[in-house]
1. Just give me the residues in segment B:8-26 being part of a helix (DSSP H, G or I), within 11 Å of DNA strand C (Cβ to nearest atom) and surrounded by 18 or more Cβ atoms within 10 Å (Cβ to Cβ), in sequence order.
2. Name the residue that is farthest from DNA strand C (Cβ to nearest atom), counting only residues in segment A:28-42 that are part of a helix (DSSP H, G or I) and surrounded by 16 or more Cβ atoms within 10 Å (Cβ to Cβ).
3. For segment A:43-55, give me the residue count where each residue is in a helix (DSSP H, G or I) and within 16 Å of DNA strand C (Cβ to nearest atom).
4. Does residue A:61 satisfy the condition of being under 19 Å from the mean Cα position of the chain (by Cα), within 13 Å of another protein chain (Cβ to nearest Cβ) and within 16 Å of DNA strand D (Cβ to nearest atom)?
5. Any chance segment A:56-66 includes a residue that's surrounded by 14 or more Cβ atoms within 10 Å (Cβ to Cβ) and closer than 30 Å to residue B:89 by Cβ?
6. Would you tally the residues in segment B:96-120 being more than 8 Å from chain A (Cβ to nearest Cβ) and at pLDDT below 95?
7. Against the definition (more than 28 Å from residue B:61 (Cβ to Cβ), away from chain B (no Cβ under 14 Å) and in contact with a strand residue (DSSP E or B) (Cβ under 9 Å, 6 or more places away or on another chain)), how does residue A:30 come out, yes or no?
8. Looking only at residues in segment B:56-94 that are in a loop (DSSP other than H, G, I, E, B) and more than 10 Å from DNA strand C (Cβ to nearest atom), which one is farthest from residue B:18 (Cα to Cα)?
DNA sequence: CTTGCCCCTGACGCCGACGTCAGGTGTGAG
DNA sequence: CTCACACCTGACGTCGGCGTCAGGGGCAAG
């Protein structure tokens, strides 16, 4: 594991997290502002992140790409972090899953529609 | 077909188009503003649409849902309308298709990720 | 010491597809 | 004619995930 000899985990500054996750520094600060990501602070006030921060940021990106808002992600983070859920949270998880599935269906239909046009314009130039 | 005895097509006003396509009146006006949809005008200035307007609006909705912008749709409309394309347009069609496919892949990954969480929270409540 | 790079906190800007409000006109039923 | 409802043209508001600029502090190398 990435742990130093004295047992403390190796910490990263914000730039390393951003590069590691392929996002901007601004984005990482924004996630903190939205309550998605917490960071320790160095004596001089710089943010210090643990190794799992990169994976978390990647996860946020994935959820954003799926159309979830920051608020929705914060509401669902307990499921992910603590592994425990109440009935409301389980319902929200399922609801989001259904939304994503619906969007997939829409996209597939749109793709097929474009494919029709492409086929037409190829055979009929 | 929906043609009156004198051979003229039955025309709709904007509200009927909007209801038929499941969008707002404002949205239909917006599409015209973006150059996506044209309408005849009654002597008093009201927009009059042909029957195929509803299908066009549904098509726009589908493309919007797929992440295309109004500009992109206007650029691709000639393919759809005239059925002819130059090389640039064919390239654009394919590029959009690839983008949609990439978004589908992202969404499928996000869905699977959520499914993992759901499975966890179900077996481990 | 200086240079260069990274970091900090505000705070305004942006984009796109509309929502919405204001103030006025058209239209069909009774 | 009146009433209710649909329609018209501006034009400003919204929302979310950042980009970007302003102004100022760390921190290691040379």
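1. Of the residues in segment B:8-26, the ones part of a helix (DSSP H, G or I) are B:14-21, B:25-26.
So of that shortlist, the ones also within 11 Å of DNA strand C (Cβ to nearest atom) come out as B:15, B:18, B:21, B:25-26.
Correct list: B:18, B:21.
2. Initial filter on segment A:28-42 (part of a helix (DSSP H, G or I)): A:28-33.
Keeping just the survivors that are surrounded by 16 or more Cβ atoms within 10 Å (Cβ to Cβ) gives A:28, A:31.
Working: A:28: 8, A:31: 12 Å.
The qualifying residue farthest from DNA strand C (Cβ to nearest atom) is A:31.
3. Taking segment A:43-55 and keeping what is in a helix (DSSP H, G or I), we get A:52-55.
Now restrict to residues that are within 16 Å of DNA strand C (Cβ to nearest atom): A:53-54.
Qualifying residue count for the region: 2.
4. Working: under 19 Å from the mean Cα position of the chain (by Cα): yes; within 13 Å of another protein chain (Cβ to nearest Cβ): yes; within 16 Å of DNA strand D (Cβ to nearest atom): yes.
In short, yes.
5. Yes, that holds for at least one residue.
6. First, pick out the residues of segment B:96-120 that are more than 8 Å from chain A (Cβ to nearest Cβ): B:98-99, B:102, B:105, B:112, B:116, B:119.
From the residues that got through so far, the ones that are at pLDDT below 95 too are B:116, B:119.
Final tally of qualifying residues: 2.
7. Answer is no for this residue.
8. So the first thing to find is which residues in segment B:56-94 are in a loop (DSSP other than H, G, I, E, B), and the list is B:66-69, B:83-86.
Keeping just the survivors that are more than 10 Å from DNA strand C (Cβ to nearest atom) gives B:66, B:83-86.
Values: B:66: 20, B:83: 26, B:84: 29, B:85: 30, B:86: 33 Å.
Across segment B:56-94, the extreme among qualifying residues is B:86.
The values are calculated or read from the model by the stated rules, or taken from the named source; none is laboratory data. Just so we're clear, the structure is a prediction, and the values are computed from it rather than from any experiment. Don't worry about glycine lacking a Cβ; one is built from the backbone with ideal geometry, like all the others, and counts go over all protein chains shown.
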